[in-house]
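Novice: Questions regarding the structure given below will be posed in turn.
Values quoted throughout were computed directly from the atomic coordinates according to the rules given, and no laboratory measurement underlies them. Remember, predicted model here, so these are calculated numbers, not experimental data. Counting neighbours? That spans all protein chains shown, and the Cβs are built from the backbone with ideal geometry, glycine included.
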There are 2 protein chains.
Amino acid sequence: MMIQYKTKPTAEACLASINAVRDALYVLNGKWKMPLIIALVNGPKRFKDIQRSLQDITPKVLSKELRDLEMNEFVERKVFDTVPVTVLYELTPYADTLGPILEALRAWGTEHRQRIVESRRSEPVAV
Amino acid sequence: MMIQYKTKPTAEACLASINAVRDALYVLNGKWKMPLIIALVNGPKRFKDIQRSLQDITPKVLSKELRDLEMNEFVERKVFDTVPVTVLYELTPYADTLGPILEALRAWGTEHRQRIVESRRSEPVAV
DNA sequence: CAGTATCCCGCTGGATACTG
DNA sequence: CAGTATCCAGCGGGATACTG
């Protein structure tokens, strides 16, 4: 059984789970948000450094994703008055509450990749 | 700290985490896949019943999502030779490995909704 | 460095209607 | 019931170029 219920699962409990997951996905949607948060786990980073961490994200998209994360209070933007200007992006304490989600995704993704690789190995080679 | 590392986190470990999460998101992407899986947690369901569980999903989209989940071996489609035909969709054991992800999303989504509701309460009412 | 400005393509996914 | 067919809007998101 996937989700452990204290009591026998009712249709209402199931619906509540579905809606809770939809709420979560609503703010974590898209290709980049969760990887981006992970990129900031080890401490604040600059715009360009995040771009490097995420490999092939374009500045437009990164900018938009960072704004989204700011609006949802996952990320704080800090500007330093240097020349040229320095900007740091830092996770908020609220972002830390995403820990279990990210860890579960990381663990599963690792296993999943392994599974794919192994199934490829046992298949006839397609040329 | 969001993700617990056995040793001091290196840039490589961070990159590995990012890629693992990206792998996971690749097969779980979109608005419906995870809610759909939850809808099947309590046992196999028929097409129409899934549609009802997910409220406003259209048959076209549901059909496509189910095919995607079948391809990734999360769901098995079983046809029964009744009149009219009966089709059941059932989770595979592999879908069960998603348990921690879904539970983490459910728990976080529940808290998050609560947080939003509370912050709304303390704000001036916008008319 | 830290972004913005344009352009644009493809996919997601909704509306509606129809079929075996 | 269990879908498919068509049509279509929106936007996620990439490419490229440019700015303070």
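Novice: Of the residues in segment B:29-62, how many are more than 8 Å from chain A (Cβ to nearest Cβ) and out of contact with any Asp or Glu (no Cβ under 9 Å at 6 or more places or on another chain)? Outline the logic, then answer.
Specialist: Within segment B:29-62, the first condition is being more than 8 Å from chain A (Cβ to nearest Cβ), and the residues that meet it are B:30, B:32-33, B:36, B:40, B:43-52, B:55-62.
Keeping just the survivors that are out of contact with any Asp or Glu (no Cβ under 9 Å at 6 or more places or on another chain) gives B:46-52, B:55-56, B:58-62.
Residues that pass the stated criteria total 14.
Novice: Go through segment A:8-54 residue by residue and tally those that are in a loop (DSSP other than H, G, I, E, B) and within 15 Å of DNA strand C (Cβ to nearest atom). Can you show your working first?
Specialist: Residues of segment A:8-54 that are in a loop (DSSP other than H, G, I, E, B), as a first pass: A:8-10, A:29-32, A:40-44, A:54.
Narrowing the set further to residues that are within 15 Å of DNA strand C (Cβ to nearest atom) leaves A:29-32, A:40, A:43-44, A:54.
The number of residues fulfilling the criteria is 8.
Novice: Same structure again: What number of residues within segment B:70-103 are within 14 Å of chain A (Cβ to nearest Cβ) and either of a type outside the set (Phe, Trp, Tyr) or in contact with a Leu (Cβ under 9 Å, 6 or more places away or on another chain) (or both)? So that I can check it myself, show each step before the final result.
Specialist: First, pick out the residues of segment B:70-103 that are within 14 Å of chain A (Cβ to nearest Cβ): B:71-75, B:90-103.
From the residues that got through so far, the ones that are either of a type outside the set (Phe, Trp, Tyr) or in contact with a Leu (Cβ under 9 Å, 6 or more places away or on another chain) (or both) too are B:71-75, B:90-93, B:95-103.
Qualifying residue count, segment B:70-103: 18.
Novice: Please indicate, with yes or no, whether at least one residue in segment B:79-94 is within 16 Å of DNA strand C (Cβ to nearest atom) and among the charged types (D, E, K, R).
Specialist: The answer is yes, given that some residue of segment B:79-94 is within 16 Å of DNA strand C (Cβ to nearest atom) and among the charged types (D, E, K, R).
Novice: Also, quick follow-up: Which count do you get for residues in segment A:83-101 that are crowded, with 16+ Cβ neighbours inside 10 Å and either within 15 Å of residue A:69 (Cα to Cα) or free of Cβ contacts under 8 Å to residues at least 24 places away in the same chain (or both)?
Specialist: The total comes to 8.
Novice: From the set of residues in segment A:57-75 that are outside any loop (DSSP other than H, G, I, E, B) and of a type in the set (A, V, I, L, M, F, W, C), which is farthest from DNA strand D (Cβ to nearest atom)?
Specialist: Applying the first criterion (outside any loop (DSSP other than H, G, I, E, B)) to segment A:57-75 yields A:59-71, A:75.
Now restrict to residues that are of a type in the set (A, V, I, L, M, F, W, C): A:61-62, A:66, A:69, A:71, A:75.
Values: A:61: 4, A:62: 8, A:66: 12, A:69: 12, A:71: 13, A:75: 16 Å.
In this case the residue turns out to be A:75.
Novice: A further question on this structure: Being within 10 Å of DNA strand D (Cβ to nearest atom), surrounded by 15 or more Cβ atoms within 10 Å (Cβ to Cβ), in contact (Cβ under 8 Å) with a residue 40 or more places away in the chain and more than 20 Å from residue A:29 (Cα to Cα), is that true of even one residue in segment B:27-43?
Specialist: no
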